[in-house]
Number of protein chains: 2
Amino acid sequence: MSSKYVQIASLLRSQILKGAYQNTRMLPTEMELAQTHHVNRATVRRALSLLTEEGLIERHQGSGSFVKESPRTSQPHGTNIAIVTTYINDYIFPAILQDAQSVFAENGYSTMVFCTHNQISMERQILQNLDRSVCGLLVEGTKTALPNPNLDLYHKLGEAHIPVVFFHGSYAELPDAVCVSDDNFNGGYQLAQFLLRKGHTRIAGIFKSDDIQGHDRYSGFLSALRDAGLPFPDAQILWYTTEEKKQILTQGNRDLLQDFVKYNLPGATAVICYNDEIAFSFINVLRSLKIRVPEDVAVVSFDNSSFSELCSVKITSLTHGSKHVGRIAAEHLVDMLHGKTVRSEAVPWTLVEKESS
Amino acid sequence: MSSKYVQIASLLRSQILKGAYQNTRMLPTEMELAQTHHVNRATVRRALSLLTEEGLIERHQGSGSFVKESPRTSQPHGTNIAIVTTYINDYIFPAILQDAQSVFAENGYSTMVFCTHNQISMERQILQNLDRSVCGLLVEGTKTALPNPNLDLYHKLGEAHIPVVFFHGSYAELPDAVCVSDDNFNGGYQLAQFLLRKGHTRIAGIFKSDDIQGHDRYSGFLSALRDAGLPFPDAQILWYTTEEKKQILTQGNRDLLQDFVKYNLPGATAVICYNDEIAFSFINVLRSLKIRVPEDVAVVSFDNSSFSELCSVKITSLTHGSKHVGRIAAEHLVDMLHGKTVRSEAVPWTLVEKESS
């Protein structure tokens with residue numbers, strides 16, 4: 001469940017896009033909105049701020065909030081770009097959003113941000129409400145390792161000639177889609193090679209099962225083992241889903257990680273984690289079970305984020321390329337809007353060695 | 001870990017295939033084998049029986065065991081076919097094996113059976129040991145919903161012109177592979193439609209995450225919901241892996257199912273299960289939590305196996321087509337060996353309504 005202000009913003013956004021305020025362009029007052037939604041005015045103000053940041057409305061001191069008129073251009077569908085992401089609160093998201101938004105702004109496009117929480121039900125709702133009110137979409141695929149039930153809506157966008165660029169992951173059923181992601185296969189390969197060079201031969205892994213990044217990182221990891229002539233550690237791979245991630249990270253339910261340490265980890269001397277977020281929780285579980293990092297078990301990971309620095313043992317992690325996925329994806333979308341042909345791209349990682357390995 | 005006799009059979013099999021006994025064709029005596037492997041003679045006899053059934057050796061009363069001479073034919077790689085399956089003990093496997101073996105026998109081929117336990121490490125070992133000692137393979141893909149690290153070995157088989165037919169599932173990375181499976185997408189669709197017609201609108205699901213059958217059944221289920229205009233139940237889908245299945249079924253660890261019932265199921269009035277095996281365990285968990293089937297929650301499933309009959313509430317389940325996957329897959333492989341072109345096939349399911357819905 002998202003915060004109340006996000007819900008209110010989301011409702012207003014969809015009303016605006018459906019043309020509910022197209023005559024007067026004037027939104028209800030803060031007090032009216034507060035009464036309608038049973039919240040205080042601070043919450044309403046936060047919702048309106050979000051829509052202002054998205055360039056969807058403008059607020060005039062004293063006279064209220066107004067739907068912004070789209071600048072008239074040659075674009076058949078206006079100049080609004082929708083960014084559909086999985087987690088607004090995700091630790092690597094702000095940088096990506098900032099990058100993308102600045103590219104769009106430089107090119108005269110305004111942006112609206114939507115968030116699926118990695119739920120296909122919300123992805124469907126967002127795509128249905130967008131209708132044809134946007135000229136292009138930047139989409140972080142939702143549950144990209146599973147069959148996607150919203151392809152009909154992506155096909156409709158295609159028929160309406162509204163370009164879509166995916167970032168981080170796209171769907172197997174859309175093999176021609178343009179996608180800009182990190183080079184996850186080679187990232188997994190790099191981390192495994194790093195551990196092999198350090199003398200580890202029994203390496204376990206923790207990966208996300210419903211996002212394609214998890215599959216690609218796992219695949220690179222296995223390829224490195226195979227190329228080194230080592231067996232695959234079937235029983236020492238932990239897979240977790242979006243819903244299990246939520247339980248681990250927000251509800252503090254660490255049973256999954258604890259069971260893995262107790263029943264599957266013994267014998268392994270190193271673990272490759274899907275990202276710093278899960279590595280952070282995992283290292284805490286190891287500590288609580290008196291297993292030392294890196295003396296007993298080395299831990300390496302992806303993203304080189306604040307989690308890597310904040311962890312009791314700073315995490316050896318792959319860092320993103322100097323030119324971020326968000327910027328490249330946004331540039332690709334602008335190119336497509338200008339009629340150019342673009343191609344999918346995988347951005348290489350760089351290893352940053354710290355204390356956990 | 002497989003039983004001792006399976007291990008001994010596996011070792012002897014690979015020695016035989018490597019030509020270790022090609023001069024005398026005579027295997028060590030039962031007593032010698034018992035001493036070498038530190039087991040009793042009954043275990044050795046069981047291993048030898050397995051190899052006899054596979055047509056790899058013959059036992060002569062009083063004089064010992066001999067490697068069978070392959071009948072000379074025009075086949076460049078002999079007449080041995082390898083059947084590589086995931087679980088020999090799987091409840092639907094005996095029928096498939098019987099079907100396939102009788103097709104091969106009718107056509108003059110002998111068969112050897114290997115078992116990966118759905119582990120890519122064992123799949124690799126089996127394919128490496130096979131070398132070129134077989135003329136064709138019938139393969140039940142291992143962890144088909146994940147990237148496969150053994151493609152190099154499948155490519156080698158292709159280069160040696162040794163045909164492979166997959167059954168139940170093949171790999172996304174081998175899009176041209178011939179595969180005979182049940183029509184899992186339509187099976188999921190059928191089950192959901194059946195529940196919708198009964199008035200259920202909030203349907204949960206339990207699916208296997210690392211086999212493609214799980215993805216296809218999930219995909220059909222979601223499509224039925226979408227076509228009925230219903231939202232997707234992101235939080236009410238439980239995914240389990242091969243390793244978690246083992247914990248649930250053989251170690252009796254039902255935490256995963258119990259947590260699902262407690263935290264995710266509330267609100268749903270029906271559940272589609274991946275197969276009868278998991279449905280059986282799930283219904284037991286529901287009973288232990290005093291939730292009635294079908295009064296409180298309806299349960300439907302795939303396979304219509306003995307589990308469906310043995311369950312305290314007989315399970316409404318999809319039954320396999322009259323012509324089984326094993327038979328069709330074997331016929332396809334024989335056709336390929338005879339130089340014919342064959343195509344992938346999906347065999348339709350039929351619903352058998354019982355007590356659980």
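The values are calculated or read from the model by the stated rules, or taken from the named source; none is laboratory data. If you're wondering where the values come from, they're calculated on a predicted model, not measured in any experiment. Positions of Cβ are backbone-derived with ideal geometry, glycine not excepted, and every protein chain shown enters the neighbour counts.
Details
- Some residue of the range A:167-175 being charged (D, E, K, R), surrounded by fewer than 23 Cβ atoms within 10 Å (Cβ to Cβ) and not assigned by TED's automatic domain parsing to the domain that holds A:GLY339: no
- Scanning the range B:234-258 for residues that are at pLDDT 95 or above and touching a Lys or Arg at 6+ places or on another chain (Cβ under 7 Å) turns up just one, B:TYR240.
- Residues located in the range B:178-200, provided they are in a loop (DSSP other than H, G, I, E, B) and free of Cβ contacts under 8 Å to residues at least 60 places away in the same chain: B:GLY199
- Which listed residue is without any contact (Cβ under 8 Å) to a residue 24 or more places away in the chain and of a type in the set (Gly, Ala, Ser), from A:GLY158, A:GLY108, A:GLY136, A:GLY141: A:GLY158
- Among the residues of this structure, A:SER356 counts as one that is within 21 Å of A:TYR240 (Cβ to Cβ) and not assigned by TED's automatic domain parsing to the domain that holds A:ASP210.
- Inside the range B:252-288, residues that are facing chain A (nearest Cβ under 9 Å) and farther than 19 Å from A:LYS246 by Cα make up a count of 1.
- Those residues of the range A:227-244 which are surrounded by 21 or more Cβ atoms within 10 Å (Cβ to Cβ), over 22 Å from A:VAL297 (Cα atoms) and more than 8 Å from every other protein chain (Cβ to nearest Cβ), in sequence order: A:GLU244
- Only one of the numbered conditions (1) more than 13 Å from chain B (Cβ to nearest Cβ); (2) out of contact with any Cys (no Cβ under 9 Å at 6 or more places or on another chain); (3) crowded, with 23+ Cβ neighbours inside 10 Å is not met by A:ASP183, and that is (3).
- Within the span defined as the range B:224-237, one or more residues are part of a loop (DSSP other than H, G, I, E, B), out of contact with any strand residue (DSSP E or B) (no Cβ under 7 Å at 6 or more places or on another chain), within 19 Å of A:LYS246 (Cβ to Cβ) and not charged (D, E, K, R).
- Among the candidates A:SER288, A:SER305, the residue that is touching a residue at least 60 places away in the same chain (Cβ under 8 Å) and either out of contact with any Asp or Glu (no Cβ under 7 Å at 6 or more places or on another chain) or not hydrophobic (A, V, I, L, M, F, W, C) (or both) is uniquely A:SER305.
- Among residues of the range A:53-79, those that are at pLDDT below 85 and out of contact with any Leu (no Cβ under 8 Å at 6 or more places or on another chain), counted: 17
- Residue ranges of helices (runs of 4 or more DSSP H) in the range A:267-357 with at least 2 members crowded, with 18+ Cβ neighbours inside 10 Å and under 17 Å from the mean Cα position of the chain (by Cα): A:276-288, A:325-337
Okay, residues lined up against (1) on the phi > 0 side of the Ramachandran plot; (2) free of Cβ contacts under 8 Å to residues at least 60 places away in the same chain; (3) aromatic (Phe, Trp, Tyr):
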residue: A:TYR274; (1), (2), (3): no, no, yes
residue: A:GLU277; (1), (2), (3): no, no, no
residue: A:ASP296; (1), (2), (3): no, yes, no
residue: A:SER312; (1), (2), (3): no, yes, no
residue: A:SER317; (1), (2), (3): no, yes, no
residue: A:MET336; (1), (2), (3): no, no, no
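- Here the strands (runs of 3 or more DSSP E) wholly within the range B:93-173 that include at least 2 residues being more than 14 Å from chain A (Cβ to nearest Cβ) and hydroxyl-bearing (Ser, Thr, Tyr) are B:110-115.
- Any hit, the range A:205-227, residues being in contact with a Leu (Cβ under 6 Å, 6 or more places away or on another chain), at pLDDT 95 or above and of a type in the set (Asp, Glu): yes
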